[in-house]
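Structure record follows, encoded as structure tokens.
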Amino acid sequence: MKHITIAIDGPAAAGKGTLSRRLAETYGFHHLDTGLTYRATAKALIDAGLPFDSEAIAEKMALEVNLAGLDRSVLARHEIGEAASKIAVMPAVRRALVEAQRAFSRKAPGTVLDGRDIGTVVCPDAIVKLYVTASPEVRARRRYDEIIASGKAADFDAIVDDVKTRDDRDMNRADSPLKPAEDAHLLDTSEMSIEAAFLAAKRIVDAALNKN
Ligand code: CDP
């Protein structure tokens, strides 16, 4: 049986999460935010007081991540995101998590996976691939607005720096760097509302599903 997977990649705060959730709801597919698998591994290390620089220890934690129990609200902390992007450079960690992500991608009737390397590494045969991006300033503004809306204080310039540092680490690592797959549709949401981005993505996915 052919598996139907929609692959969504892009940098931090590009709006992949909202887009992926809405696409999954629309088509009745299962959704996996693969960033949470890296975050869960990082949180397990933090909670156990273990270092982030041992690949063997991080791999062991990655092998124990349970995909069914992932919850962004308990994994959202900035410190966890930072640690996640550090352990995400380790090949053994990526191997363990990618295997679990691939198994998830085969669920019926279809799946939406979002992350950094879905179209390039995890699901290269995905029926449709989207690379969602926006300028660093727009992405930082969205993250800033989210934090302010949640009633917390935020420093816009620090968030811009953070977004750029994260991009740099994700795009320049040796194993599975963040980049669009050759056959990905590029979706720059800098000038789009969430609704407009969703409609643009849905048009691309509908066209791909009708072709197959
Ligand atoms: O929420 P945010 O966009 O900051 O990041 P995330 O999607 O929660 O992912 C956290 C970190 O995990 C990213 O900075 C990446 O380094 C890493 N990651 C990855 O390497 N590959 C993926 N498929 C997903 C996330």
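The values are calculated or read from the model by the stated rules, or taken from the named source; none is laboratory data. Remember, it's a predicted structure, so these values are computed and weren't measured experimentally. When we count neighbours, we look across all protein chains shown, and the Cβ atoms used for this are built from the backbone with ideal geometry, even at glycine. For the accessible areas, the whole protein counts, side chains as well, though only heavy atoms, and no ligand, DNA or RNA atoms are used. Shrake-Rupley method; radii C 1.70, N 1.55, O 1.52, S 1.80 Å.
Evaluate region 53-71: report whether one residue or more is under 24 Å from Thr26 (Cβ atoms) and not hydrophobic (A, V, I, L, M, F, W, C). If you could, list the steps in order and put the result at the bottom.
To start, the set of residues in region 53-71 that are under 24 Å from Thr26 (Cβ atoms) comprises 67-68, 70-71.
Narrowing the set further to residues that are not hydrophobic (A, V, I, L, M, F, W, C) leaves 71.
Among the residues of region 53-71, at least one is under 24 Å from Thr26 (Cβ atoms) and not hydrophobic (A, V, I, L, M, F, W, C), which makes the answer yes.
Checking Ala12 against (1) touching a Lys or Arg at 6+ places or on another chain (Cβ under 7 Å); (2) farther than 19 Å from Ser176 by Cα; (3) within 10 Å of the ligand (Cβ to nearest atom), which test does it fail? So the condition that Ala12 fails would be (2). A single member of Ala197, Ala154 is in a loop (DSSP other than H, G, I, E, B) and either surrounded by fewer than 12 Cβ atoms within 10 Å (Cβ to Cβ) or hydrophobic (A, V, I, L, M, F, W, C) (or both), and it is Ala154. Of all residues in region 15-31, those satisfying the criterion of being within 13 Å of the ligand (Cβ to nearest atom) and surrounded by 21 or more Cβ atoms within 10 Å (Cβ to Cβ) are Gly15, Lys16, Leu19, Ser20. Pull out all pairs, ordered by first then second residue, where Cβ-Cβ is under 6 Å, the residues are six or more apart or on different chains, the first lies in region 59-84 and is more than 19 Å from Gly17 (Cα to Cα) and not assigned by TED's automatic domain parsing to the domain that holds Ser150, and the second is open to solvent by less than 80 Å² (accessible area, probe 1.4 Å) and outside any helix (DSSP H, G or I). From residues that are more than 19 Å from Gly17 (Cα to Cα) and not assigned by TED's automatic domain parsing to the domain that holds Ser150, the pairs are Ala83/Phe52.
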